[in-house]
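The structure appears below as structure tokens.
Throughout, read-outs are computed from the coordinates displayed, never taken from laboratory work. Keep in mind it's a predicted model, so treat the numbers as computed, not measured. Backbone-built Cβ (ideal geometry, glycine too); neighbour counts: all protein chains shown.
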Amino acid sequence: MPVFALVDCNNFFVSCERVFRPELERRPVVVLSNNDGVVISRSEEAKALGIGMAAPFFEVRALVVEHKVVAISANHELYVDFSRRVSEVLARHSPSVENYSVDESFLTFPEDADLEARARALRVEVGRWTGIPVSVGLAPTKALAKLASDRSKKRGGVLSLMDPDVRAKTLADTPVEHVWGIAKASAAKLAAHGVSTAADFIALNDPLILKTLGVGGLRLAHELRGISCLVLAPAAPDRQSVTVSRSFGRVVGSLAALESAVASFAARAAERARRHELKAGALRVFLGWREDGELKGGDGVVKLAPTNDTTALTRAAKELLGRLFVEGRAYRKAGVVLGDMRSADSHQAEFFDDGKAERAQRLMKTVDRVNASLGDGTLRYGGEQAAKGWASLSERRSPRWTTNWDELPKARG
């Protein structure tokens, strides 16, 4: 019987920052979201100060100043690259890896007596090759592996729930709202039946669980009882859409600035579509603004002949924006969504093809290759412009050390 392992990168965004800034070790550190709005990652030292996850930065600013907390603007390009590097190491240890999120992956091991030693060796190798500390949970099911990984952080980084006695004690010590898949609303429903821990939950009879939480809740109960119901999904599901959006660093009122933003978003969305070998049959542009003290929004959609051509998508986005734009309105956010996605191979070529489509594809592949090698935005299409007036605030962002040549760390003698 295969054993599930859940590998979780500890305080992932903070850990990525510390790889190139070792002076941040043992210091309180927080990473901030788009426009430095809320806390999205915390070091253990920052957690100990009472800084909560998703806390608005303005609410914790006094704590940050008092305790000399290091606040860093999010650097998602760096974090995604580190996630890829961690995944490459995990693939050496198991042929089946499911990248569940940017900082968590499920994998399977064959059941043997040296499972914990194998998990510890994996932790060491990930740390050696990437610098990222990870925790590993081992269990007969995915839900139990997730629970084991969460608990392993305070138990040396590895915890196995293969032993029924250890599993029973852990479930008894776990509040039901801390179980993967049980939100506050579900926990409230279970509380009406006297459930406060995970052990209480699995002790309920199946008809009651089904009535209270539905089929998903019943499946989760079986998982926590050690009966595997959730399989590994090594292949990512087909994307249904691609979204690129930003909240602006300052209010935007001109059509030219919005066109620059929307063209840039469309180009990034086109790159992602090509990366996943998809074409879009629809494009949506949405805008957000504040009016009479309230956040409001508007959008529009246009149907397309399936395409992932940057020129075609940026042109369509700008034309749609022109219909949505209202002079004098103070815009705070915009985005582009590609929908009606289908395989790039499924679209039939035009009967009278003059070769322009093939040449455009070659050009886009070249641009994608250069940008992947030298950094995002190294080459841009004519419809794009460098961000002026609409870029998100990220004054505290660290360099993109692993993906941008201009920002590589420099060694000095």
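Things worth noting here:
- The label-point distance for Ala121 and Lys154, in a model that sets each label 7 Å from Cα toward Cβ, rounds to 3.1 nm.
- Residue-wise HN-Hα coupling along segment 92-103, computed from phi with Karplus coefficients 6.51, -1.76, 1.60 (Hz; x: Gly, Pro): 6, 9, 8, x, 10, 10, 10, 7, 6, 8, 5, 10
- Note on the chain: with charges restricted to the Cβ of Lys and Arg (+1) and Asp and Glu (-1), its dipole about the Cα centre is near 700 debye.
- Under 9 Å, Cβ to Cβ, from Cys9 - net charge with Lys/Arg +1 and Asp/Glu -1: -3
- The calculated FRET efficiency for Lys211 paired with Ala256, based on their beta-carbon distance and R0 = 60 Å, is about 0.55.
- When +1 charges are put on Lys and Arg Cβ atoms and -1 charges on Asp and Glu Cβ atoms, the dipole computed for segment 2-158 relative to its Cα centre reaches about 320 debye.
- Full extension of the segment from Glu327 to Arg27, taken as 0.36 nm per residue of separation minus the current Cα-Cα distance, would add 103.2 nm.
- Set Lys365/Lys410; Lys279/Lys365; Lys142/Lys189 screened for pairs whose C-alpha atoms are more than 19 Å apart: Lys365/Lys410; Lys142/Lys189
- Computed from label points 7 Å out along Cα-Cβ, the spacing between Arg272 and Ser228 is 3.2 nm.
- Angle between the chain longest axis and helix 255-275 axis [Cα atoms, degrees, rounded to 10]: 60 degrees
- Other residues with beta-carbon under 14 Å from the beta-carbon of Arg225 carry, at +1 per Lys or Arg and -1 per Asp or Glu, a net charge of 0.
- For the pair Asp299 and Lys47, a Förster radius of 60 Å applied to the C-beta separation gives a FRET efficiency near 0.95, rounded to the nearest 0.05.
- Extension gain, Glu407 back to Asp165 (0.36 nm per residue minus Cα-Cα distance, nm): 82.0 nm
- Highest-first packing order for the peptide set 195-202, 250-257 is 195-202, 250-257, based on the mean count of other beta carbon atoms within 10 Å.
- GluC sites (Glu not before Pro) within segment 213-307, DSSP loop, no more than 13 other Cβ atoms inside 10 Å: Glu277
- A Förster radius of 45 Å, combined with the Cβ-Cβ distance separating Lys184 from Ala62, puts the computed FRET efficiency at roughly 0.95.
- Cα centroid of segment 1-76 to Cα centroid of segment 143-209, whole Å: 26 Å
- Sparse-neighbourhood loop sites, trypsin sites (Lys or Arg not before Pro) in segment 134-213 - DSSP loop, at most 13 other Cβ within 10 angstrom: Lys154, Arg155
- Selected from Leu210, Ser196, His222, residue furthest toward positive end of dipole (segment 163-224; charges at beta carbon): Leu210
- Loop-resident GluC sites (Glu not before Pro) (DSSP state other than H, G, I, E or B) in segment 19-50 with no more than 13 further Cβ atoms inside 10 Å of their Cβ: Glu25.
- Taking mean projected area of the Cα convex hull in nm² as calculated from this structure, the corresponding entry among (1) 25.7; (2) 19.4; (3) 23.5 is (1).
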